Each structure stands twice: as C-alpha cells, then as structure tokens.
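Each remark here refers to the structure printed beneath this line.
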Amino acid sequence: MGRRDTLEADVFQPLWAAGWQWVWIVAGGLFLGGYLLLEFGHVLQGGGVIAGSSALAALGIWYVNTNAESVLQSGIEMGQSAVLDIAGVGDGDAVSSIATEGRGLALVDPAREYHLTTLVVGDEAFVVHDDTTVSLAHRYYAVGDDTRVYEYEALESVAFDDGELTLTLRDGSTESYTLAREPTDVLSALRTRLPAVEHRE
C-alpha cells in the first residue's frame, strides 16, 4: 500500500507559498492596482498595491530559492525511509535515492516536484523503487507500490551509461532505469555481490 504525507521542513509557509505563486501575486497586484489607478484615479493606493505585490513576489522567490535544498533533502530522506518500509528491506550494503527534476517555474531555481528512484543493495536481492514523488510546491511526498526485486542469482551484469542504469538478466533480457546521476556506491556494492553469487554456485 502506498503512502503520502507532508514534508517535515522548517519553512515559513506564507513566504514559501508566495514564491511558488508569484505569477498570480503579480498578476493580481497589477489588476487591482491598475483598476484603482484607472477607474478611481487613486495613484498612491494603486501604486502601493502594485509595488507591494511585486515586493512580496520577489521576497517569496528569494525565500524558495534559499530554502529549497533543505526541503528537497527532507523529502528525499522521508521518501527513502517510506520506500524501505513498504518494500520490507533494511539498509543493506548500499542505499541511494536519486531525484530527477520535473516541471519548473520561471525565476524559481528548484523544480515544482521531483521524481525519486530508490536503489537498495539488500542482503538477498537488488531492489528498485521507481514510484516516488517529492513535491516542493505543495510540500508533500508520495510513495507508490511499484517495487521491483531482482534476486542476485537472476542478474548477469549491471551498467550505467548516458543516464541509464541497465540490468542484464541471465535469461538474456534487459531492464533500464533513467537516473539523473550515476549511483556510484550502489554500483560498487552490487558488482561485489555478483561475483559472490557466481562463486556460491
């Protein structure tokens, strides 16, 4: 059964929300400020609304860009912990959760959400969970049930090239996963497992 929960991150929610909604804040300020200026001739009030909304948007963007890294890290850790629990595996020899950026927003450095792939070199098998989302814009993580388990006896080799992790199975088939970076620790631990399986056989 999947899981969804709020990210535990120490952020000031009004500014965090303002950073992600800055387009609407500016648009709303321009509309209201322009209405006060053009319809009623209220220069100070209209100008103040436009300036205030623009300042709030700018402050929100700065706040999101400044705090996004810690929020994303919290999401990765919480997502990874949930994956290990759902998959029923411990930390094993190596665990790595790799985040891939999703849709972005102009002037905001981080993406709205990230796709998380978790790799676990466990005691009995290699586990790949490719069904986790970490949303920075809405501050939640969601973990699905799509877990793939590869018994070591079924694995022939593993390789990473041009953003693709490719598993070659002993039946001749291959399975690939797109990753934003090379999972160095996982590959090292996994490659030490495969010769051990050969020797055991």
- Once both label points are put 7 Å beyond Cα along the C-beta direction, the A27-A159 separation in nm becomes 4.8
- Give the residue from G144, S176, F160 lying farthest towards the positive end of the charge dipole for the chain; charges sit on Cβ (+1 for Lys and Arg, -1 for Asp and Glu) and the dipole is referred to the Cα centre. G144
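Report the full-extension gain for the segment T100 to S54: residue separation times 0.36 nm, less the Cα-Cα distance, to one decimal in nm.
Going from the current span to full extension adds 13.5 nm.
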- Item | Net +/- balance of residues flanking H129 in space, Cβ distance below 13 Å, scoring K and R +1, D and E -1 | -3
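Just add up the charged neighbours of T66: K/R +1, D/E -1, any other residue whose Cβ is under 15 Å from the Cβ of T66.
My count for the surroundings of T66 gives -3.
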- Among G90, G102, A58, the residue whose Cα sits farthest towards the positive end of the charge dipole of the chain, when +1 is placed on the Cβ of each Lys and Arg and -1 on the Cβ of each Asp and Glu, is A58
- Note on the structure: If each K or R counts +1 and each D or E counts -1, the residues other than E182 whose Cβ falls under 15 Å of its Cβ total -2
- Message: Treating segment 13-66 as a set of equal point scatterers at the Cα positions, no solvent, please give the Debye-formula log₁₀ I(q)/I(0) at q = 0.14, 0.19, 0.22 Å⁻¹.
- Response: -0.36, -0.57, -0.69
- Cα-Cα pairs of segment 4-96 separated by more than 18 Å (percent): 61
- Message: Tell me the mean residue ellipticity at 222 nm calculated for the chain from its helices only (DSSP H runs of n ≥ 4, each -39500 (n - 2.57), averaged over every residue, nearest 500).
- Response: -15500 deg cm²/dmol
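Keeping every protein chain present and rolling a 1.4 Å probe, give me the accessible area per residue for segment 13-66 in Å².
On a per-residue basis, 58 Å².
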- Note on the structure: Hull surface over four for the Cα convex hull of the chain, reported in nm², is 13.8
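The values are calculated or read from the model by the stated rules, or taken from the named source; none is laboratory data. This one's a predicted model, so the numbers in the text were calculated from it and none came from an experiment. Backbone-built Cβ (ideal geometry, glycine too); neighbour counts: all protein chains shown. The area values use the complete protein model at the heavy-atom level, side chains included, leaving out ligands, DNA and RNA. Shrake-Rupley method; radii C 1.70, N 1.55, O 1.52, S 1.80 Å.
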